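Scroll down for the structure; my scribbles are underneath it.
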Amino acid sequence: MKTASPTRALGRVLVVEDERDVAELIRYNLGKEGYDVVITASGTDAVKQARETRPDIVLLDIMVPHLNGWEVCRRLKQDAETRNIPVIMVTGRAEEGDKVLGFEMGADDYVTKPFSPRELVARVRAVLRRGGGEELADLLLLGDLEIDVPAREVRLRGKEVRLAAREFELLAFLARHPRRVFTREQLMQSVWGYTAAIDTGTLSVHVRRLREKIEDDPRVPRRIETVWNVGYRFVA
């Protein structure tokens, strides 16, 4: 385990990565921006470090020894003491199924290798900014769909719908602007906090997951509509 700096000016980042060159690349670029970077190559040590040191964010590779990244993420998100720590998966696994599983385990973002160091820093900033951002004190009543923004709860016909953090943020953003069409770039900027190297695959995964949870028939969505060649809109 290595520590880049004793300071914690912008926040502590726990990097779970067993490829030394990649870990050092991340350490250098985040350290240069003023983050305190802690590196571990083991999944079991990552869980231990997260519980003991409470980092501000975790960058998590999937293929690490002793405990893979999916299981590390699942354990962190199910533990009351660590569930609010944001997790960005940084991995060479780029298939849609891998991304879906990552988000199902509770990941807040997903970055595939090889990555741009500048984009990774931007994503870290965006996730941390959202974590400390303001809550909108609104209760959105949209037909049989209820969105309690401060409580981050969603109910459909009175029954709770469990959403991952980013799924909730995407739904709340769209629902606060009913019938307004947003481009993919606008949604990435507003919900993810960046537009560099637009990752429309990530957006598509989240839209599909949302539809599976709040649409009567996800194949014929009536709440989150696709506006072809433009983007998406929410219809109450």
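The values are calculated or read from the model by the stated rules, or taken from the named source; none is laboratory data. All figures in this text were calculated on a predicted structure; none of them were measured in a lab. Quick reminder, even Gly has a Cβ in these numbers, built from the backbone with ideal geometry, and neighbours come from all protein chains shown. Please note that ligands, DNA and RNA were not included when accessible areas were found on the heavy atoms of the full protein model with its side chains. Shrake-Rupley method; radii C 1.70, N 1.55, O 1.52, S 1.80 Å.
Here are the numbers for this structure:
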item: Cα shape, the stretch 14-105, gyration tensor, a/c 1.5 rule; result: oblate
item: Area accessible to solvent at M105, 1.4 Å probe radius, in Å²; result: 50
item: Cα gyration tensor of the stretch 57-161 - equivalent ellipsoid semi-axes, whole Å, descending; result: 28, 17, 14
item: Mean Cβ neighbour count within 10 Å, used as a protection proxy, ranking 145-155, 50-60 highest first; result: 50-60, 145-155
item: C-alpha long axis of helix 20-33 to longest principal axis of the chain, angle in °; result: 70
item: Accessible area expressed per residue, the stretch 38-189, with surrounding protein chains retained (probe 1.4 Å, Å²); result: 48
item: Spatially proximal aspartates and glutamates relative to K32 (Cα-Cα < 15 Å; intrachain offsets below 8 disregarded); result: E24, E119
item: Cα-based reach from K48 at 24 Å (exclusive), listing lysines while leaving out same-chain residues under 8 positions away; result: K2, K77
item: Highest-fluctuation residue, L76, L171, L156 considered, GNM on the chain with Cα pairs under 10 Å; result: L156
item: In nm, spacing of pseudo-spin labels at D18 and A236 (7 Å Cα→C-beta vector); result: 5.2
item: Amide N of the stretch 79-97 lying under 15 Å from the label point, which is placed 7 angstrom from the Cα of N68 along Cα→Cβ; result: 90-97
item: Eligible lysines near K159 by straight Cα distance, threshold 17 Å, same-chain separation 8 or greater; result: K213
item: GNM result for the chain, Cα springs below 10 Å: residue of G106, G31, G43 fluctuating most strongly; result: G31
item: Relative contact order of the stretch 65-187, defined on C-alpha pairs under 8 angstrom at six or more residues apart (%); result: 16
item: Gain on full stretching of the segment that runs from E81 to S116 - 0.36 nm per residue minus C-alpha separation; result: 9.4 nm
item: Modelled FRET efficiency - R0 35 Å, L142 with R54, Cβ distances, 0.05 increments; result: 0.45
item: Exposure of V72 as accessible area (Å², to 10), given a probe of 1.4 Å and all protein chains; result: 0
item: Rounded tilt (10° steps) of 69-78 against the dominant C-alpha axis of the chain; result: 70
item: Relative contact order (percent, whole number), the chain, Cα cutoff 8 Å, 6+ residue spacing; result: 13
item: Max mean-square fluctuation residue, GNM over the chain, Cα-Cα springs under 10 Å, options V191, V181, V127; result: V181
item: Apportionment of accessible area to carbon and sulfur, the chain, percent (1.4 Å); result: 47
item: 0 to 90° range, to nearest 10: angle between helix 200-214 axis and the chain longest Cα axis; result: 50
